[in-house]
Amino acid sequence: MVVSALQHAPNPFSFSFTYHFTAPALPPSTTARRSSSARAPARSPMAVSSVRIAVVGDVHDQWDLEEDTKALHFLKPDLVLFTGDFGDENVELVRSVAKLEFAKAIILGNHDSWFTQQFSGKRKDSVQLQLECLGAEHVAYQRLDYPQLKLSIVGGRPFSCGGEKLFRKKLLSAGFGVEDIDQSARRIYKAAMGAPEDHLVILLAHNGPTGLGSNIDDICGKDWDLGGGDYGDPDLTKAISELKESAKLCIPLVIFGHMHKELAHGNGLRKMIVVGDDGIIYLNGAIVPRVRSLTSELTGDTSLNSNEAPHSDLGSTRAYTTVDISDGRVTKIAECWVSVVGEMTKLQEEHVLLSVA
Ligand SMILES: [Zn+2]
């Protein structure tokens, strides 16, 4: 399926990379060319009734453009969503992600502004460089519309670290014109409200909203403190609440990361999916680390062992969370581990998180 994305939300940037936010995200002609090389085999151009999204959760330096491209070709998503935390301001890695030839939307996390507290006026700092190479595919407070998929992606607050206070306040103020939680909520709301009426709206944020539980294993629960606590973003909650009141939009899904699946201090695993009373699905994609090296047992080739070949020759298995949408409804969500050994790819593990008959 050929996908194009158009951006409608206003651009508050005053930096030299402003032009990235004013142009269409993927001009149709460019997109058609890129998409045809990115997907094989292509889905029917008319198959809007079926959409697949692949979520790449918090990367934390675990990314290889070639290997992840092979795994994504295996999964055949129409759209790839990234929840951020690529590294600690790992500009080269973000540049590599920007080269991925799939339709995609991205939000930067707190680790992507790990060192930079305010924009540098004299030279491009690492946050500016990341924003520049991502261009309009960085969806913070913006919306990308995918008319062929009948889908819009709306970005939440970038650099979020969780909790009640804004993280990287000076970056948010200078780069996005956001001074406080209320303004942040308003910006998310406004970006969503312009979505075409026949589109599903999916929110993409680095951290999830408050109100989803305060136990250490809850989807946004504080796990480094044995007392737990709700570490969600209050602005995201407020925006969602106001969007629901407007009753104009269909929001089936909110996707985020930040709070890792594996809990601190060996306290087990986090709940990665919650279906709200209102039917909204909240999905945490932060499977960290998202790449494992394959052992010779897993590849089934006992002639290889770590003494005979470099470890990387054995290949890797890479985590994604897939979301399948049919006829406007989310029908399946699964944590998928895809193995990549040379040119061979296969589904190594699948953990179904949600399945609707
Ligand atoms: Zn984070």
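With a 10 Å Cβ neighbour count serving as the proxy for reagent exposure, in which order, fewest first, do Cys220, Cys250, Cys133 appear?
In order of increasing Cβ crowding within 10 Å: Cys250, Cys133, Cys220.
Quick check on the exposure proxy: order Phe86, Phe102 from fewest to most C-beta atoms within 10 angstrom.
Phe102, Phe86
Once amide H atoms are built 1.01 Å from N in the peptide plane, which residues 5 or more positions from Ser50, or in another chain, come under 5 Å H to H?
HN-HN under 5 Å from Ser50: Asp327.
Are there GluC sites (Glu not before Pro) in region 183-271 that DSSP marks as loop and that have at most 16 other Cβ atoms within 10 Å, and which are they?
Taking region 183-271 and a limit of 16 other Cβ atoms within 10 Å, the loop GluC sites (Glu not before Pro) found are Glu197.
For each of Ser49, Ser173, count neighbouring Cβ atoms within 10 Å of the residue's Cβ, then give the residues from fewest to most.
Ser49, Ser173
Restricting attention to region 160-204, which trypsin sites (Lys or Arg not before Pro) occupy a DSSP loop and are surrounded by at most 11 other Cβ atoms within 10 Å?
Taking region 160-204 and a limit of 11 other Cβ atoms within 10 Å, the loop trypsin sites (Lys or Arg not before Pro) found are Lys165.
Across region 283-291, in residue order, what do the Karplus-derived ³J(HN,Hα) couplings come to in whole Hz, using 6.51 cos²θ - 1.76 cosθ + 1.60 with θ = phi - 60° and x for Gly and Pro?
10, 9, x, 7, 8, 10, x, 8, 10
What chymotrypsin sites (Phe, Trp or Tyr not before Pro) in region 104-188 are in a loop by DSSP, with at most 13 other Cβ atoms within 10 Å of the Cβ?
Taking region 104-188 and a limit of 13 other Cβ atoms within 10 Å, the loop chymotrypsin sites (Phe, Trp or Tyr not before Pro) found are Phe115.
Rule-based calculations on the coordinates, nothing more; no lab input. What you are looking at is a predicted structure, and each value in this text was computed from that prediction instead of being measured. All Cβ positions, even for glycine, are placed from backbone atoms using ideal geometry, and neighbour counts span all protein chains on display.
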